[in-house]
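Remarks on the structure that follows.
The values are calculated or read from the model by the stated rules, or taken from the named source; none is laboratory data. Just so it is clear, the model here is predicted, and its values are computed rather than measured. Because the Cβ atoms are built from the backbone with ideal geometry, glycine has one as well, and the counts that use them run over all protein chains shown.
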Amino acid sequence: MEDFAAEIKGLKNSTKKVIGCFPLYPPLELFHSMGLTPVVLWGMPDPEGQLAESDQHVQNYACSVGRNITQLVLSDLSDTLDGLFMYNACDTLRNLPEILTWGLEEKGKAIPVFKMHLPASNPGDGFGRDYLDKRISMLIQELEMAYDVTFSEKPFLESTELYRKMRLLTRELEKKAQKAQIPFDLFINITQEQHTASVEDQIRLLEHHLNEQYSSDVPDSASPVMVSGITPPSPELLKLFSGAGLRIVVDDIAAMHRSNAYIPEASGSPGDYYSDFFQNHFPCTTLLHQQHSRFDVIMKLIEETSVRGFIFIGTKFCEHEYFEIPSLERAIKEKGIHFLALETSVGDTDNINAMRTRIEAFSELLAN
Amino acid sequence: MSKFQKTRAGINLSKMMKANYMQQAEDVKQGKFAVWVGIIVPIEILRGFDIVIGVPENYSAMSSAKGLSREQCEKAEAMGYSMDLCSYARIDIGNNLGPEPDTAIPPLPKPDLLISNNSNCTLLLKWFDVYRHEYNIPHYILDIPFGYEAQKKQDTQYICDQFHDMIATLESMTGQKFNISKVEEAMDNSYEALKHWKRFLRAGESKPAGITAFDSFVQMAPYINMRGTKDLVDHFKILADETEERQRSGIFPMPDESFRLLWDNIAPWHQLRKMSARLAGLKANIVCGTYTNCLGNSEGSADIYPYNGSSPIEFLARIQNFPICAYGLDLRYKVLKELIERYQIDGVVFASNRSCKVYSIMQMDQERKLRDELGIPCVSIDVDHADVRKYNDANAFVRIEALLENIEASRKN
Ligand code: SF4
Ligand code: SF4
């Protein structure tokens, strides 16, 4: 978590204000176009399990993502961030903006906290679209007032072009990872690094890796699997997968494929852009208007990539993920694909040994 | 609690709930269209159609109160539903999708349509979505913006738009014409019923209190699934009249009440009798609960939102944030402060409920602020509102007794 915080502190060296955003799909392009630097506070590893500050505010039955955000904002980043942005996703995050506001106030610190309601009715159509437009306009006004900046269409168009480029490059790198032309664990690290980098640096980072020649040390004979979950598998878990003879060829991870699979066209109109962005977003358990299409999309990915196994990496206490698992498991098994459910928390290394046997047994099942 | 079994209101409650269930089952048998709704879905609007309305959350609470939660949760867990999911959902899923449905409380008649609402929590949408998969029926989602502050005009409009869309959906699915006069009548009934409900709750303000919060937990059940009916008005009138009569005659549930407490969270359904008896032994009365107080209020208020009879749809949109889970820390603090003063509360019990994150995640800050700013003693105890396996009586009472000692000590000072 310290590295993560250090990266964000590094961004402060520029004159731009830094806005910490959560959860995963905030309107980054909008912040960027208004001269701000957005960072996504997500999946920060916490190898030491140091959550002393968070434990004063959030019970231990909240997911590790929420607890880590609280810890990060109230400790390592309490002097760094110039603002926070949050949109609604789950019940754990619902109260977090005010918990963080109160927590910062207790420390004598006050920063603007922006909250946006993302319609759980369809944000791309009808009243959902109208409502999304209004909330985006409200956000623009709030940002203008808080930071003495102004919105205009031209810089917004340029920002959407930049983000489009970044997503296209991420997809390109993802395809290389799927073909084992770059190790999947390196690809995961890069996507993690992207959270704390400006979009310009992300583009440089991606171009650099696309130009490098990598070879994967996972043998071709390894069984192809798909991984799914909110956060990517930890380095320890990745080692277990490759050690057991499993090769990740495609992911349905919220912070990875779900974030980049749909790339909206650049636009000068925030209303048009975000209604397209959310309506056509790759279905995520946290985007409530999309529940009906999630299974179909996953089945399509399974068919396209010919995986033999599906590994669900559950973030402990994440209800959004856990509700769909029994039905999803059944649907996947009906396709003749093997299914394994693991449960973990961000930075959790304690349970690795317990998972080893299950992963090895799963791999044997696939090999046979 | 047990006292209410012998009261007119207690007898009427059982009779009315049973009759309502039987009628629904019969109506479904006769081929009536059935809808399952989340508890905050404005069923007054659905009264504009001739349909059957089932409320799974109510069903789960009743199952837990009847001691059936363990078995039903285990059925859901055996199907792969994590033990960390809300126990209401596990009970309901266990009974509906598990191997054998319960005979003590038969499952609700199967629905043709699901209507969920993310006002109290977003988890409910995911829970209902399980049935969308399993029963292959449509799931209509009502999206209610969370209340960090008073509901804005644009939010009310957005909710109204959804209500109209829901009406159109129901018209096309049922083939019925929506009847607004039935909704007006239902809204009048609900508002009348709420006024009696508030009169009943006010009995808790006197010293000693005329009720315990446990009475209100039990009696709120019909508000959830019988809103809009004349039966509900009549029932709450009996309840409030009888409670006032008992007060006038000097009958109090805890005449030697020495500690007046406030309960923050959903009722511990599996503990109603045991907990109220044990508290009585300690002369501690929970006189008010945030859970039962919020019915019909606007966000952040301890009182019902006034209805002038002119536009039921807009009114129902305006009060969609009434459940205390549907608004944030600042507004919740405002209500807690108001209730503490109104009910002359000595101490607050925060029930930290693993099953209901939306109610619980924020209590630590709330507790600190109440202690710092109002100097009121508070305690946090671990409770699961419906899964008895996640509750430890001894641990809870060690902490409650410490709270009472703390109150004693602060009185001496
Ligand atoms: S992991 Fe799940 S519970 Fe945690 S913040 Fe994300 S969506 Fe919410
Ligand atoms: S999480 Fe809480 S509000 Fe949601 S259904 Fe469960 S008990 Fe009700």
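Sort out which residues of the stretch B:126-135 are surrounded by 23 or more Cβ atoms within 10 Å (Cβ to Cβ), over 13 Å from B:Ser355 (Cβ atoms) and within 15 Å of ligand 1 (Cβ to nearest atom), and write them in order of number. If the condition is that a residue be surrounded by 23 or more Cβ atoms within 10 Å (Cβ to Cβ), over 13 Å from B:Ser355 (Cβ atoms) and within 15 Å of ligand 1 (Cβ to nearest atom), then B:Lys126 is the only one that fits.
Here's the yes/no breakdown for (1) more than 16 Å from ligand 1 (Cβ to nearest atom); (2) in contact with a strand residue (DSSP E or B) (Cβ under 6 Å, 6 or more places away or on another chain):
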| position | (1), (2) |
| --- | --- |
| A:Ser259 | no, no |
| A:Ile263 | yes, no |
| A:Phe295 | yes, no |
| A:Glu329 | yes, yes |
| A:Asn351 | yes, no |
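Taken as a whole, the structure places A:Val307 among residues that are more than 30 Å from A:Arg135 (Cβ to Cβ) and more than 13 Å from every other protein chain (Cβ to nearest Cβ). Sub-6 Å Cβ pairs linking a first residue in the stretch B:302-326 that is within 14 Å of another protein chain (Cβ to nearest Cβ) and closer than 25 Å to B:Cys356 by Cα to a second residue that is away from ligand 2 (no atom under 16 Å from the Cβ) and of a type in the set (A, V, I, L, M), at least 6 apart or interchain, are B:Ala317/B:Ile159; B:Gln320/B:Ile159, ordered by first then second residue. A search for C-beta distances below 7 Å between a residue of the stretch B:360-376 that is within 11 Å of another protein chain (Cβ to nearest Cβ) and of a type in the set (A, V, I, L, M, F, W, C) and any residue that is part of a helix (DSSP H, G or I) and surrounded by fewer than 19 Cβ atoms within 10 Å (Cβ to Cβ), counting only pairs 6+ apart in sequence or on different chains, returns B:Met364/A:Gln56. Checked against the criteria, A:His320 counts as buried (at least 21 other Cβ atoms within 10 Å of the Cβ) and in contact (Cβ under 8 Å) with a residue 12 or more places away in the chain.
Looking across B:Ala34, B:Ala61, one residue alone is modelled with pLDDT of 90 or more, among the hydrophobic types (A, V, I, L, M, F, W, C), touching a Pro at 6+ places or on another chain (Cβ under 9 Å) and more than 16 Å from ligand 1 (Cβ to nearest atom). It is B:Ala34. In the stretch A:245-257, the residue that is nearest to the chain's Cα centre (by Cα) out of those that are more than 14 Å from A:Ala177 (Cβ to Cβ) and more than 16 Å from ligand 1 (Cβ to nearest atom) is A:Leu246.
Of B:Leu97, B:Leu123, all but one fail to be buried (at least 22 other Cβ atoms within 10 Å of the Cβ) and within 14 Å of chain A (Cβ to nearest Cβ); the exception is B:Leu123.
Contact map, the stretch B:7-18: residues that are closer than 13 Å to B:Asp215 by Cβ paired with residues that are in a helix (DSSP H, G or I), Cβ distance under 6 Å, separation 6+ or inter-chain. Pairs shown: B:Thr7/B:Glu242; B:Ala9/B:Ile238; B:Ala9/B:Leu239; B:Ala9/B:Glu242; B:Gly10/B:Phe4. Counting only helices (runs of 4 or more DSSP H) wholly contained in the stretch B:1-101, the ones carrying 1 or more residues that are among the acidic types (Asp, Glu) and under 19 Å from B:Asp129 (Cα atoms) occupy B:56-65, B:69-78, B:87-97.
Residues of the stretch B:135-148 that are out of contact with any His (no Cβ under 9 Å at 6 or more places or on another chain) and within 7 Å of chain A (Cβ to nearest Cβ): B:Tyr148 alone. Restricting to the stretch A:267-295, name every residue that is more than 26 Å from B:Cys121 (Cβ to Cβ) and within 12 Å of chain B (Cβ to nearest Cβ). Scanning the stretch A:267-295 gives no hits.
Flag: B:Ile115 matches the condition of being within 18 Å of the chain's Cα centre (by Cα), more than 10 Å from ligand 2 (Cβ to nearest atom), farther than 19 Å from B:Ser64 by Cα and outside any helix (DSSP H, G or I). Those residues that are closer than 18 Å to B:Ile40 by Cα, facing another protein chain (nearest Cβ under 8 Å) and surrounded by fewer than 22 Cβ atoms within 10 Å (Cβ to Cβ), I need them from the stretch B:149-171; list them, please. Once the filter is applied, which keeps residues that are closer than 18 Å to B:Ile40 by Cα, facing another protein chain (nearest Cβ under 8 Å) and surrounded by fewer than 22 Cβ atoms within 10 Å (Cβ to Cβ), the stretch B:149-171 yields B:Asp161, B:Asp165.
Under the condition of being more than 8 Å from chain B (Cβ to nearest Cβ), more than 20 Å from the chain's Cα centre (by Cα) and farther than 26 Å from A:Lys134 by Cβ, the residues counted in the stretch A:62-116 number 13. If you check A:Lys134 against the conditions, is it modelled with pLDDT of 95 or more, farther than 14 Å from A:Pro26 by Cβ, more than 10 Å from chain B (Cβ to nearest Cβ) and out of contact with any Ser or Thr (no Cβ under 9 Å at 6 or more places or on another chain)? No; evaluated as a whole, the condition is false for this residue.
Mind checking whether some residue in the stretch B:201-215 is more than 14 Å from every other protein chain (Cβ to nearest Cβ), crowded, with 22+ Cβ neighbours inside 10 Å, farther than 30 Å from B:Leu339 by Cβ and in contact (Cβ under 8 Å) with a residue 40 or more places away in the chain? No, because not a single residue in the stretch B:201-215 is more than 14 Å from every other protein chain (Cβ to nearest Cβ), crowded, with 22+ Cβ neighbours inside 10 Å, farther than 30 Å from B:Leu339 by Cβ and in contact (Cβ under 8 Å) with a residue 40 or more places away in the chain. When residues in the stretch A:73-106 are screened for being away from ligand 1 (no atom under 16 Å from the Cβ) and assigned to a loop (DSSP other than H, G, I, E, B), 8 of them pass. The residue that is surrounded by the fewest Cβ atoms within 10 Å (Cβ to Cβ), among those in the stretch B:328-352 that are within 9 Å of another protein chain (Cβ to nearest Cβ) and either without any contact (Cβ under 8 Å) to a residue 24 or more places away in the chain or not in a helix (DSSP H, G or I) (or both), is B:Ser352. With the structure loaded, tell me whether B:Trp197 is surrounded by 22 or more Cβ atoms within 10 Å (Cβ to Cβ), within 16 Å of ligand 2 (Cβ to nearest atom), touching a residue at least 40 places away in the same chain (Cβ under 8 Å) and hydrophobic (A, V, I, L, M, F, W, C) or whether it fails that test. For B:Trp197, the condition - surrounded by 22 or more Cβ atoms within 10 Å (Cβ to Cβ), within 16 Å of ligand 2 (Cβ to nearest atom), touching a residue at least 40 places away in the same chain (Cβ under 8 Å) and hydrophobic (A, V, I, L, M, F, W, C) - is not met.
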